[in-house]
Amino acid sequence: MIKCKVLAPSLLVSFLALLAGAGHGPAAATEIAFGITSSTALSLPYFIATERKYYENEHLAVDTIVAGAAVGVLKQLAAGSLNVAQAATDQSLRAILHGAPIKIVAGGASNAPFRVVAAKTIKGWSDLKGKTVSVGGLTDVTLYFMRVMARKNGLADQDYDLIYGGGTPSRFAQLASGAAAATILTNPIDFAALEQGFVDLGSVPQYLPNWAQNNILIDTRWAKHNRATVLAFLRAHIKATKYIYEPANRDEVIAILAKHTKTAPQIAAATYDLYIKQKVIAHGAALFEDGIKANFDALVALGDLAAAPPLDGFIDASFLAETSKQ
């Protein structure tokens, strides 16, 4: 007679669970379409999260689209081609004002690390009279930056002509080619330009010290059905911001920045030091409401708005609040 040994109920359950899982690999990563303007230091948390595998650890596969200008990022986000984006605050507010189904959910850059850089023949602001300067676009925040700085230095709006170049890389190309006598650049391209002998006419934070340059935004239609995915993305982003500010990580952060922005190590190091000193990256992705309000002040000054509306129609802070509890 053959004797059969009966499995204990607990062992039987474990055995059946093992059989049920047999042949199944790890769960597939959730895909996210993420948009940025250009590969500058403003995207440093994204670079860190990618290299440190923070997205991967959250089971996310982030497909990044570089749109070349903030307005392009926001158009794609509003159209549903992107799920999440990092884009300039002023353009984001304009898009929401015009009915775009998007919301700000976290902070990106809590400062405006831009500077006006001029041709090698320019000695000061007065030399720009009658010259052409390059800004991002007719409704781009770089136009506002240029207006504020030029006026403070004795130039009227009609004293110089404008050409529109989109993002920093394109604007620098216009300066380098001679098409523009000056432009406004962000990091690390501004440092590279100065190293090549172009002239520094001053930095935006000297004139606008309280400014939220950009934020993390969502397509609200998509986020309604993918809240857990938004939270996972924010967890990875927040972890990256904390990594940036840890002094022990300086060399690695600089190396990652140099790799993704294709700049020399010394340029990446200068950019990193500036970002730490000025606290450019929003630590913990914190929302900078006063900095967002400053963008509304700019829209009023540019004639886009008669008065600034309440912020609650533009921000959904619930995602960030939920991540802080996890």
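Go through Lys123/Lys277; Lys53/Lys239; Lys131/Lys152; Lys239/Lys279; Lys75/Lys262 and tell me which ones have a Cα-Cα distance over 19 Å in this structure.
Long pairs (Cα-Cα over 19 Å): Lys123/Lys277; Lys75/Lys262.
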Taking N as the number of residues in the range 58-202, what is its Cα Rg relative to 2.2 N^0.38 Å? 1.14
Any idea what the relative contact order of the chain is, in percent, if you count C-alpha pairs under 8 Å spaced at least 6 apart? 25 percent
The range 98-247, accessible surface, carbon-and-sulfur percent (1.4 angstrom probe): 51 percent
For the range 74-119 and the range 248-271, distance of Cα centres in Å: 25 Å
Filter the trypsin sites (Lys or Arg not before Pro) in the range 239-326 to those in DSSP coil with at most 14 other Cβ atoms within 10 Å of their Cβ, and list the result. Lys262, Lys279, Lys325
For mean projected area of the Cα convex hull in nm², pick the label among (1) 16.0; (2) 21.5; (3) 32.7 that corresponds to the value derived from the coordinates. (2)
So what's the range 115-180 giving for Cα Rg divided by 2.2 N^0.38 Å, two decimals? 1.00
So, in nm, how far is label Lys279 from label Lys259 when the simple model puts each one 7 Å beyond its Cα toward the Cβ? 2.9 nm
Förster-model FRET efficiency, 30 Å R0, Gln158 and Lys325, C-beta, rounded to 0.05: 0.05
Distance between Cα centroids, the range 305-324 to the range 137-214: provide it in whole Å. 29 Å
The chain: antiparallel bridges as % of DSSP beta bridges, rounded to 5, reads 55 percent
Could you give the length gained on full extension between Lys224 and Glu31, defined as 0.36 nm per residue of separation minus the Cα-Cα distance, in nm? 67.9 nm
If I require 15 Å or longer along the helix axis, counting alpha carbons, and a Kyte-Doolittle average no lower than -1.0, what helices from the chain are left? Use full DSSP H segments. 9-21, 141-152, 227-244, 250-261, 265-278, 289-301
Distance (nanometres) between label positions extended 7 Å along Cα→Cβ at Asp127 and Ala173: 2.6 nm
Between Ala308, Ala41, Ala298, find the one with the highest GNM mean-square fluctuation for the chain; connect C-alpha pairs within less than 10 Å. Ala308
For Phe114, distant residues with modelled amide H under 5 Å away: Val204
Give the accessible surface of the chain per residue, rounded to a whole number of Å², with probe radius 1.4 Å and ligands, DNA and RNA excluded. 46 Å²
Under the 0.36 nm per residue contour assumption, what length would be gained going from the current alpha-carbon distance of Asp200 and Lys120 to full extension? 27.8 nm
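The values are calculated or read from the model by the stated rules, or taken from the named source; none is laboratory data. Bear in mind that the values here come from a model prediction, so they are computed numbers and not experimental data. All Cβ positions, glycine included, derive from the backbone under ideal geometry; neighbour counts span all protein chains shown. Protein only, heavy atoms only, side chains kept; ligands, DNA and RNA dropped before computing areas. Shrake-Rupley method; radii C 1.70, N 1.55, O 1.52, S 1.80 Å.
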